[in-house]
Amino acid sequence: MDTDERPDLSGSRESKLILKAETEKLIGFAFEVLNEIGHGLIEKIYENSLVVLFMQNEIAFDQQRRFPVCFRGVQVGEFIPDLIAFGSVIVDTKVIDCITDHERGQMLNYLRISKLRVGLIVNFKRARMEWERVVL
C-alpha cells in the first residue's frame with residue numbers, strides 16, 4: 001500500500017500525502033505568479049517567474065536539469081523537466097486548454113525517468129489556474 005493511501009489514526013487521508021507541504025508551497029507560488037503577471041502568456045515566462053520566487057524564498061531547485069532516457073541499456077535521448085523544486089518535485093508549467101491524460105501520462109514517465117515520486121502540472125492558460133498533483 002502506498003503511503004498516500006494509508007490513513008492516519010483519525011482516518012484522514014490528507015495528512016499522509018507525500019511531500020504535501022512542498023506541493024502546497026509550490027501551488028501557492030503558482031498563484032502568486034498568476035495573480036501578478038496574469039494568464040495566457042508563454043510557458044517559459046511562468047517557469048522563470050517561479051524561479052524568481054524560489055530564489056527569493058531560498059527554495060532549492062534545478063531548472064532544465066537533464067536526465068538520460070535509455071532503451072535496452074543504450075541512451076536514446078534525454079528528458080529535460082522545466083523545474084525540480086526541493087530536490088524532489090517536478091514542476092511542469094503549461095499554457096494549454098486543460099490538463100488531460102496526455103499530460104498526466106507524460107508526468108508519470110517523467111517521474112519514472114527521474115526516479116522522483118511527485119510531480120505538479122500547473123496550467124496558466126486561464127484566469128482560474130488549473131493544477132494537478134501526480135504521484136508515482
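Going highest first, how would you order 59-72, 117-130 by mean Cβ packing within 10 Å?
117-130, 59-72
Just the Cα atoms of the chain: what Rg and Dmax do they give in Å?
For the chain, the Cα-based Rg and Dmax read 15.5, 48 Å.
With unit charges on the beta carbon (Lys/Arg positive, Asp/Glu negative), name the residue among Gly77, Val95, Ala127 whose Cα is farthest towards the positive pole of the charge dipole of the chain.
Going by the Cα projections, it comes out as Gly77.
Assign unit charges at the C-beta atoms only (+1 for Lys and Arg, -1 for Asp and Glu), then state the dipole size of the chain relative to its Cα centre in Debye, rounded to the nearest 20.
340
First measure r as the distance between the Cβ atoms of Ile37 and Lys115, then evaluate 1/(1 + (r/R0)^6) with R0 = 25 Å and state the FRET efficiency to the nearest 0.05.
Efficiency computed from Cβ-Cβ geometry: 0.15.
Restricting to the chain, what percent of DSSP beta bridges are antiparallel, rounded to 5? Walk me through the numbers before you get to the answer.
Details: 17 of 23 bridges.
The antiparallel fraction comes to roughly 75 percent.
Give a residue-ordered list of calculated ³J(HN,Hα) values for the range 93-110 (Karplus: 6.51 cos²θ - 1.76 cosθ + 1.60, θ = phi - 60°; whole Hz; x for Gly, Pro).
Computed from phi, the couplings for the range 93-110 are 7, 9, 9, 9, 4, 7, 6, 10, 4, 4, 5, 5, x, 4, 5, 4, 5, 4 Hz.
Count the net charge of all other residues whose Cβ sits under 11 Å from the Cβ of Val52, scoring Lys and Arg as +1 and Asp and Glu as -1.
-3
What is the count of Lys pairs in the chain whose alpha carbons sit under 23 Å apart, if the two are 8 or more places apart or on different chains?
Within the chain, the lysine pair count is 12.
Amide H to amide H under 5 Å from Glu130: which residues, 5+ apart in sequence or cross-chain, H placed 1.01 Å off N in plane?
Here Asn123, Lys125 satisfy the definition.
Find how much the distance from Val52 to Cys98 grows on full extension, using 0.36 nm per residue of separation minus their present alpha carbon separation; answer in nm with one decimal. Mind dumping the intermediate values first?
Details: separation 46, 0.36 × 46 = 16.56 nm, distance 2.54 nm.
Taking Val52 through Cys98 to full extension adds about 14.0 nm, to one decimal.
Which ³J(HN,Hα) values, rounded to whole Hz and listed in residue order, are derived for the range 45-60 from phi using the Karplus coefficients 6.51, -1.76 and 1.60 in 6.51 cos²θ - 1.76 cosθ + 1.60 with θ = phi - 60°, glycine and proline given as x?
4, 5, 4, 5, 5, 5, 4, 4, 5, 4, 5, 5, 9, 6, 8, 5
Mind checking the full-extension length gain between Glu130 and Asp62? Use 0.36 nm per residue of separation minus the Cα-Cα distance, one decimal, nm. Could the numbers behind the result be given before it?
Working: separation 68, 0.36 × 68 = 24.48 nm, distance 2.28 nm.
My answer for the length gained is 22.2 nm.
Read the figures in this text as sums done on the coordinates, not as results from a lab. Fair warning: this is a prediction, and the values are worked out from it, not measured in the lab. Using ideal geometry, Cβ is built from the backbone for each residue, glycine included, and neighbour counts are taken over all protein chains shown.
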